[in-house]
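Below: the structure, in structure tokens.
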Amino acid sequence: MKKIIVTGSCGFIGYNLINSLPSEFEIIGIDSLNNAYDSKLKDLRLEKLNQLSNFKFLKLNFSDLNEIEMHSNVFNNCDTLVHLGARAGVRQSFSDPEKYLMDNTLGTTNLSLQVKKKEIPKFIIASTSSIYGDTGDKLAVENEDELMHPPSVYASTKYFGEVLAKNILEKSNTNIQIPRFFTVYGPFGRPDMSILRFIHWIQTEQEVIIYGDGDQRRSFTYIDDIIDGIIKLMNYKHSGIFNFGSNETWSLNDVISFIEDSTGKKAKVKFKERAYKDVDVVLPSLDLSNDILEWKPSTNIKIGIDKTVEWYLSHEEDMKNIKYKYDYEK
């Protein structure tokens, strides 16, 4: 039986990954259940994960090396450590940089030391498109377009985590694989990200807040495509960095229009001042992911939004009590 450890198990991507893994795997989920966004959603995900017969959960703050050492036996005989746990959010990172440094950089460093100590064969470290900044008319290419000065505290802490992990494990036999995700959305998504917030606000007939004019574009990528990419990485036997994103971009205004079509309701849009360091467009090169992993996105955004709206409506009682607006939003 393969033993897989997933950090951030109660997060958006971690939850969906665990539900997609074969039942013959032994799966250990690690999560600190922090309040980076409304923890009620993490509790709901954990409640559902605990129904899996092959899943065990450990509440652990991996930014605390002493906590990791106290539970170091959990890492014994692990085949793959999928490190999805992180503190995400560009805007929030400027408000509380210390938490981002602890959770993203120090947390990844601590896990890298454990991977080295336990000789874990594969270490998958989730990263972010934020390290590329604004790509403009060009595509973001792995190992070429990482910025010398990442554009946010969040991007910096994620990129430094990548660098430190590679340094710590440089002479080991561990394969380090780094998927960089581009604006992921879908069922059980994060309430601090645009698509789920917009669905909630439109469905509940609240104001839809857009920071800027709504013309900023993103490579919105449906969760099932991201999970397909991670599983392909789990079956790939070499180290590497890979972009996982859509090969098209859509504006926030486009997204609102799609949600209006899906819900049958009209959005009450309110435009506010553009968020600090918000980028205009981020678009990935998918050459490596396609050529090496035979991966490409397959979910049309309209279909993805329809599925997300359908999921939201089926969980409406739970989702209407989730916090979608945060203290840093004035």
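Each reported figure results from applying straightforward, stated rules to the coordinates on display, with no laboratory input. Not measured: the values here are computed from a predicted model. Ideal geometry is used to build each Cβ from the backbone, glycine not excepted, and the neighbour counts take in all protein chains shown.
With the charge dipole of the chain set up from +1 on Lys and Arg Cβ and -1 on Asp and Glu Cβ about the Cα centre, the Cα lying farthest toward the positive end among the listed residues Y132, I241, L17 is that of L17. The DSSP beta bridges internal to the chain are antiparallel in roughly 5% of cases. Amide H to amide H distances under 5 Å link F57 with G29, where only residues 5 or more positions off or on other chains count and H is placed in the peptide plane.
For the peptides 65-71, 139-145, the ranking by packing is 139-145, 65-71, with the highest mean count of neighbouring Cβ atoms within 10 Å listed first. What the phi angles of segment 46-60 give under the Karplus curve with 6.51, -1.76 and 1.60, with θ = phi - 60°, is a coupling list of 4, 4, 6, 5, 5, 7, 7, 6, 9, 10, 10, 10, 10, 7, 8 Hz, glycine and proline written as x. Taking 0.36 nm per residue of separation and subtracting the current Cα-Cα distance, fully stretching the chain between E170 and E144 would add 7.4 nm. Between K48 and N19, the distance separating the two model label sites (each 7 Å from Cα on the Cα→Cβ line) works out to 0.3 nm. Here the Karplus relation 6.51 cos²θ - 1.76 cosθ + 1.60, evaluated at θ = phi - 60°, turns the backbone of segment 137-149 into coupling constants of 8, 9, 9, 7, 10, 4, 6, 10, 10, 5, 7, 4, 10 Hz, with x for every Gly and Pro. Tilt of helix 223-234 relative to the longest C-alpha principal axis of the chain, in degrees (0 to 90, nearest 10)? Taking Cα atoms only, the helix is inclined about 20 degrees. Relative to the longest principal axis of the Cα atoms of the chain, helix 252-263 runs at roughly 80 degrees. Distance check, please: which entries in K99/K122; K266/K307; K48/K270; K166/K307; K138/K296 exceed 29 angstrom between their Cα atoms? Those over the limit are K48/K270; K166/K307. Between I292 and K266, the contour length at 0.36 nm per residue exceeds the Cα-Cα span by 5.1 nm. Placing a label point 7 Å from the Cα of N35 along the Cα-to-Cβ direction, the residues of segment 167-206 whose backbone N falls under 20 Å from that point are 190-193.
Using every pair of distinct Cα positions in segment 59-185, the Kirkwood expression returns a hydrodynamic radius of 15.2 angstrom.
Computed across segment 1-140, the Kirkwood hydrodynamic radius from all distinct Cα-Cα pairs reaches 15.8 Å. The angle between the Cα long axis of helix 301-314 and the main principal axis of the chain comes to about 90°, on a 0 to 90 degree scale. Phi-derived couplings, Karplus 6.51 cos²θ - 1.76 cosθ + 1.60 at θ = phi - 60°, listed residue by residue for segment 105-115: 7, 5, x, 5, 5, 4, 5, 4, 5, 5, 4 Hz, with x used for Gly and Pro.
The amide H of V269, built 1.01 Å from its N in the peptide plane, has V208 as neighbours under 5 Å, considering only residues 5 or more places off or on other chains.
When both segment 53-103 and segment 237-261 are represented by their alpha-carbon centers, they are found 26 Å apart.
Shape class for segment 123-231, computed from the alpha carbon gyration tensor (a ≥ b ≥ c): prolate, with a/c not under 1.5 and a/b above b/c. Sorting the segments 308-321, 223-236 by their mean number of nearby beta carbons within 10 angstrom, highest to lowest, gives 223-236, 308-321.
Taking every DSSP bridge with both residues inside segment 178-277, close to 15 percent are antiparallel.
Taking all Cα pairs closer than 8 Å and separated by 6 or more residues, the relative contact order of the chain comes to 18 percent. Here's how it looks for I241: its modeled amide H is under 5 Å from those of I178, which are all 5 or more places away or on a different chain. Ordering V208, P284, P179 by Cα displacement along the dipole of segment 178-296 toward the positive end leaves V208 in first place; charges were set at the Cβ atoms of Lys, Arg (+1) and Asp, Glu (-1). For the chain, the Kirkwood estimate of hydrodynamic radius, built from reciprocal distances between every pair of different alpha carbons, is 20.1 Å.
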